[in-house]
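Below: one structure, written as structure tokens.
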Amino acid sequence: MSKQQAAPSQGRPQSPEHDFALCKVVFGAVLSQILYARHGFESSFFQILPLEQLASRSFEDIVSSGSPIDSHERELISDQGSTVFLRADLRDYEISTFLGILTTDIFPLLEKQQLVKFRISFLQSETWGGDCLLEHFTLMFEYDPNGQCGIDVWRAGVGDQYIPNSTSTLWNLGDYLGRLLPLKTPPYFTLAFHASETPEDPSVGVWKFSRHDFEDANLQLQQREGYAFARVVCLKFVFFSNTPFLCTDPKWNRTARPQIANCYFSQPNGTSLRS
């Protein structure tokens, strides 16, 4: 999405509800690009969405419409005028469960500005152990006092790829994903989210599952030749009157927060596993 210039607002500021709605849509676009590029779901569970619709449509409206994509084409995620986006299919358990997790577990935390990190890990087997972990993407969230949201996207894995630095931040992500080497096997993937139950009290935090399996697998990943951990894009939401845009200003303060986590496993063929 290209950065646009806009005059200072003369009207009413954006409501917190609108800020949250846009953050959900852009969060969904980032997840969609990653899952499409790494074959997390079949191509038919994705659609092509013009970028100008990101700020004008709700997440619920987008996923409930759109035509399915016929196949995984790397060129689609590097198109400067559109993005791939998830689409619902009530007949499929996997995509319905995934969207249900976003709606039930993730979006309420995002709305309360309590979501701190969201991680997608791709595995070559359905159990933790050994060199099962192929790569992982971490989305880090920041909130300013006005209730606006920023998302940093980091990748850990083998292969240090060129990271674009244009003002079209979603295109930067798609271009980067398109340059990654394909995963050798149809991957399983896990989700973990980390949040603050009481942001005003940094001493309180609870984990809902053991982190040791991931930490052991991540240590194995770090030992591989060509390992790299890098920030891919930084998406910030700024509002001028009724014209939202994404910017790449890195100067936002970070606040230490406690964490909560939950984990979910799935693979494209319909098998689901839970921790």
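The values are calculated or read from the model by the stated rules, or taken from the named source; none is laboratory data. Since this is a predicted model, take the numbers as computed values, not measurements. Positions of Cβ are backbone-derived with ideal geometry, glycine not excepted, and every protein chain shown enters the neighbour counts.
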Of the listed residues (Ile163, Ile106, Ile120), the one being surrounded by fewer than 17 Cβ atoms within 10 Å (Cβ to Cβ) and modelled with pLDDT of 85 or more is Ile163
Quick one: in the range 166-176, which of the residues that are more than 16 Å from Phe27 (Cα to Cα) and out of contact with any Ser or Thr (no Cβ under 7 Å at 6 or more places or on another chain) is surrounded by the most Cβ atoms within 10 Å (Cβ to Cβ)? Tyr176
So which of Ile48, Ile69, Ile62 ends up being in a strand (DSSP E or B), over 22 Å from Lys184 (Cβ atoms), more than 14 Å from the chain's Cα centre (by Cα) and modelled with pLDDT of 95 or more? Ile48
Of all residues in the range 150-175, which are of a type in the set (Ser, Thr, Tyr) and over 14 Å from the mean Cα position of the chain (by Cα)? Tyr162, Ser166, Thr167, Ser168
Kindly list, by first and then second residue, each pair from a residue in the range 92-108 that is farther than 17 Å from Arg119 by Cβ to a residue that is polar (S, T, N, Q), limited to pairs with Cβ atoms under 8 Å and residues at least 6 apart or on different chains. Tyr93/Ser272; Glu94/Ser266; Glu94/Ser272; Thr97/Ser266; Thr97/Ser272
Filter the range 80-94 for residues that are crowded, with 17+ Cβ neighbours inside 10 Å and touching a strand residue (DSSP E or B) at 6+ places or on another chain (Cβ under 7 Å); the one that is farthest from Phe27 (Cα to Cα) is Glu94
Hits in the range 50-72 (condition: touching a residue at least 24 places away in the same chain (Cβ under 8 Å) and of a type in the set (D, E, K, R)): Arg57, Asp70
